[in-house]
Amino acid sequence: MNLREALKSGEQYLKDHGITDAAVDAWILLEHVTRINRTVFLAEGRKELDDHKAEDYQELLKKRAAHIPLQHLTGVQEFMGFPFRVNEHVLIPRQDTEILVEEALKYLHPGMSVLDLCTGSGCIAVSLAKLCRGIFVDASDISREALDVAGENRKQLLADVNLIQSDLFEQIHGKYHMILSNPPYIRSEVIGTLQEEVRVHEPYQALDGKEDGLYFYREIIGRCRDYLLPEGRILFEIGCDQGEQVSGLLKEQGFLDVEVKQDLAGLDRVVSGRVS
């Protein structure tokens, strides 16, 4: 079987098993196995795929057909232009979360301190450290396994980030110019309706926002003033239907300049506020 035949066969196999982006996924898995790019593929598409790589490709196709996330098979997901390692212990970084990073960068400059709560893979904290040199970044998570992944990304991307195992503010002792969080925000009853890739293969603890999805926003907003410097800001990623509720929680606690920002699809995605 040559490269073109392998790709065509892989695409059809994934289609037959109900994978929505079969063509994209088949290519990414072939690229992962062979380490070739599109240019090489177009030039050498009739080159035979050796038996070992063909077996590896078939095995990955079977796993993807079983709805194991593509990123768990390749072990990587790009975020803010950086390759982040991922596995079953962390949420896969989403493009929507880049809006949170972009908003944070509008207010940061060298010398400022940042806390990223519920850091997971570390994609927010590491990206900020890379894109705004000279800031001081702490990143915390309750999960030791998640922090191990964040540590790998910190090392691989040469980012100056301090990692802390903490249940929200439990082990946090400093004060910060900014606190960010992409906390669990999906209502418990909704999790069972999510795509199999998410509900089965991503960590439940990182998804479950309790009964109304707002548990962690209440916890963080109710306590964060003790950890923010004067004029400090807090920024959250939110579910697309939570803008009014989370901004209301901030206003109730006396935060100023409360804003809701939309993502590229025009959906509410980030809520921010400032202490006096």
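The values are calculated or read from the model by the stated rules, or taken from the named source; none is laboratory data. Quick caveat, the model's predicted, so the values are computed rather than measured. Every residue, glycine among them, receives a Cβ derived from its backbone with ideal geometry; neighbour counts consider all protein chains shown. In case anyone asks, the SASA skips ligands and DNA or RNA and just uses the protein heavy atoms, side chains included. Shrake-Rupley method; radii C 1.70, N 1.55, O 1.52, S 1.80 Å.
Restricting the stretch 263-276 to residues that are buried (at least 20 other Cβ atoms within 10 Å of the Cβ) and either closer than 14 Å to C224 by Cβ or of a type outside the set (A, V, I, L, M, F, W, C) (or both), which is farthest from the chain's Cα centre (by Cα)? Per the stated criteria, the residue is G273. Within the stretch 92-103, the set of residues being open to solvent by less than 20 Å² (accessible area, probe 1.4 Å) and either at pLDDT below 95 or in a loop (DSSP other than H, G, I, E, B) (or both) comprises I92, P93. Of the residues contained in the stretch 187-206, one or more are found to be among the acidic types (D, E), closer than 30 Å to H67 by Cβ and touching an Asp or Glu at 6+ places or on another chain (Cβ under 9 Å).
Among the residues of the stretch 146-198, which ones are acidic (D, E) and within 24 Å of L229 (Cβ to Cβ)? Reasoning before the result, please.
Restricting attention to the stretch 146-198, the residues satisfying the condition of being acidic (D, E) are 148, 152, 160, 167, 170, 189, 196-197.
Hits for the stretch 146-198 are D160, D167, E170.
From the list H32, H109, H67, exactly one residue is assigned to a helix (DSSP H, G or I) and not charged (D, E, K, R). Which is it? Write out each step before concluding.
Values: H109 fails: assigned to a helix (DSSP H, G or I); H67 fails: assigned to a helix (DSSP H, G or I).
So the residue among H32, H109, H67 that is assigned to a helix (DSSP H, G or I) and not charged (D, E, K, R) is H32.
Restricted to the stretch 35-49, and to residues that are in a loop (DSSP other than H, G, I, E, B) and open to solvent by less than 70 Å² (accessible area, probe 1.4 Å), which residue is modelled with the lowest pLDDT? That would be G45.
Selection over the stretch 250-262 of residues that are surrounded by 21 or more Cβ atoms within 10 Å (Cβ to Cβ) and of a type in the set (A, V, I, L, M) gives a count of 1. Scan the stretch 223-245 and tell me whether some residue there is part of a loop (DSSP other than H, G, I, E, B), free of Cβ contacts under 8 Å to residues at least 40 places away in the same chain and open to solvent by less than 60 Å² (accessible area, probe 1.4 Å). No, every residue in the stretch 223-245 fails to be part of a loop (DSSP other than H, G, I, E, B), free of Cβ contacts under 8 Å to residues at least 40 places away in the same chain and open to solvent by less than 60 Å² (accessible area, probe 1.4 Å). With the condition kept exactly as written, say whether any residue in the stretch 127-134 is over 23 Å from L229 (Cβ atoms) and in contact with a strand residue (DSSP E or B) (Cβ under 6 Å, 6 or more places away or on another chain). So far as the stretch 127-134 goes, no, none of its residues is over 23 Å from L229 (Cβ atoms) and in contact with a strand residue (DSSP E or B) (Cβ under 6 Å, 6 or more places away or on another chain).
Kindly establish whether L115 is closer than 30 Å to N182 by Cβ, part of a strand (DSSP E or B) and touching a residue at least 12 places away in the same chain (Cβ under 8 Å). First the steps, then the outcome.
Numbers: closer than 30 Å to N182 by Cβ: yes; part of a strand (DSSP E or B): yes; touching a residue at least 12 places away in the same chain (Cβ under 8 Å): yes.
It is true that L115 is closer than 30 Å to N182 by Cβ, part of a strand (DSSP E or B) and touching a residue at least 12 places away in the same chain (Cβ under 8 Å).
When Y13, Y57 are checked against the criterion of being hydroxyl-bearing (S, T, Y), open to solvent by less than 20 Å² (accessible area, probe 1.4 Å) and touching a helix residue (DSSP H, G or I) at 6+ places or on another chain (Cβ under 6 Å), Y57 stands alone in meeting it. Condition (residue is part of a loop (DSSP other than H, G, I, E, B), modelled with pLDDT under 95 and of a type in the set (S, T, N, Q)) applied to the stretch 1-13: is it met by at least one residue? No - not one qualifying residue is present in the stretch 1-13.
Of all residues assigned to the stretch 68-90, none qualifies as being out of contact with any Pro (no Cβ under 6 Å at 6 or more places or on another chain) and farther than 27 Å from V33 by Cβ. The one condition from (1) of a type outside the set (G, A, S); (2) surrounded by fewer than 21 Cβ atoms within 10 Å (Cβ to Cβ); (3) in contact with a strand residue (DSSP E or B) (Cβ under 8 Å, 6 or more places away or on another chain); (4) under 23 Å from R233 (Cβ atoms) that K106 does not meet is (3).
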